[in-house]
Amino acid sequence: MDSNRPLNIKKFVKLFVCTFLLLLTACKQEKETRGEVTIVQNELTSVQDYVNLFPNKVVYVDVWASWCGPCLKELPHSIDLQRNYKDKEVVFLFLSVDENKSRWEATVKAKEIKGTHVLANEHVVHDLEVNYELRGIPRYLLFDKKGKLVNANADRPSDLSVRSIIDQKL
C-alpha cells in the first residue's frame, strides 16, 4: 500500500493542476463585452488575480468609485491616456470599490469609460487595504508585463509623467 502512495500524490497533484487551469480558463471567459467596455466578473480574490488575466501586458489599475469626485475628475485624463496607448500592450483596469452595482454600471455607461472594469468584491477590497495600503481613492497601481508590481502609488492620469513610466515598461 505504501508503494501506491507516491502514485496517489501524483494523481492528486495532476488533478489539482487541471482543476486550477480549468477554473482559470473559466474566469477568463466570464467577460461581458459591450463595445469597448469589458466587464469582468468579480469572482477573483485579489488584484494580482486580475492582473494575471493579462499576461505580457502592462496593467494600469485605476481604483475608483462612482461617488468619488476626484476619481470622476481624473476620468477624462484616463480616457486620453487610453487613447495614447490604443495599439500598445497596455491594459487599463478600472477597479471600482462601489457598493451600489447599478450606480457603478450607470456611471461607466454615462461617462463612456472604455476599458476593462471590475466591481471589487470584499476580498479584493481587503487585498487593496492590506497589501497595497489603500486608504483613499483615486489610487493607481502599475504592473509590468510579467505581472510584477512596479508602483503601488502610481501617478494619476492627469500627471504627464505617468506616460514615461508606462513607456519604460513596454
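The values are calculated or read from the model by the stated rules, or taken from the named source; none is laboratory data. Just so it is clear, the structure is predicted and the values come from calculations on it, not from any experiment. No Cβ is skipped: glycine too gets one built from the backbone with ideal geometry, and neighbour counts run over all protein chains shown. Please note that ligands, DNA and RNA were not included when accessible areas were found on the heavy atoms of the full protein model with its side chains. Shrake-Rupley method; radii C 1.70, N 1.55, O 1.52, S 1.80 Å.
Where Lys and Arg each count +1 and Asp and Glu each count -1, what net charge lies around residue 162 among other residues with Cβ under 10 Å from its Cβ? Could you put the intermediate results ahead of the total?
On the way: positive: 156, 163; negative: 155, 159, 167.
So the environment of residue 162 carries a net charge of -1.
Looking only at segment 145-170, which residues have a backbone nitrogen under 12 Å from a spot 7 Å from the Cα of residue 73 in the C-beta direction? Correct set: 158.
Local charge for residue 75 was computed over the other residues whose Cβ lies under 10 Å away, with Lys and Arg +1 and Asp and Glu -1, and equals -2. Residues in segment 110-123 carry Karplus couplings, in order, of 5, 8, 6, 7, 6, x, 9, 10, 9, 8, 5, 8, 4, 5 Hz; the curve used is 6.51 cos²θ - 1.76 cosθ + 1.60 with θ = phi - 60°, and Gly or Pro positions show x. One decimal place: the segment residue 101-residue 123 gains 6.3 nm when fully extended, by the rule 0.36 nm per residue minus the C-alpha distance. Which one of 82, 137, 93 has its Cα pushed farthest toward the positive end of the charge dipole of segment 68-170, where Lys and Arg give +1 and Asp and Glu give -1 at the Cβ? Value computed over the given set: 82. Using a probe of 1.4 Å on the protein chains alone, the accessible area found for residue 102 is around 80 Å². When 128, 160 are compared by accessible surface with a 1.4 Å probe, the order from highest to lowest is 160, 128. Nearest 0.05, what FRET efficiency do residue 49 and residue 135 give at R0 = 22 Å with Cβ-Cβ as r? That pair, residue 49 with residue 135, gives E of 0.50. On a 29 Å Cα-Cα criterion, which of the cross-link pairs 73/169; 109/148; 57/111 come out too long? Cα-Cα > 29 Å for 109/148; rest within.
Model label points for residue 110 and residue 84, set 7 angstrom from Cα along the Cα-to-Cβ axis, are 2.8 nm apart. Using C-alpha pairs below 8 Å separated by at least 6 residues, the relative contact order for segment 38-127 is 44 percent.
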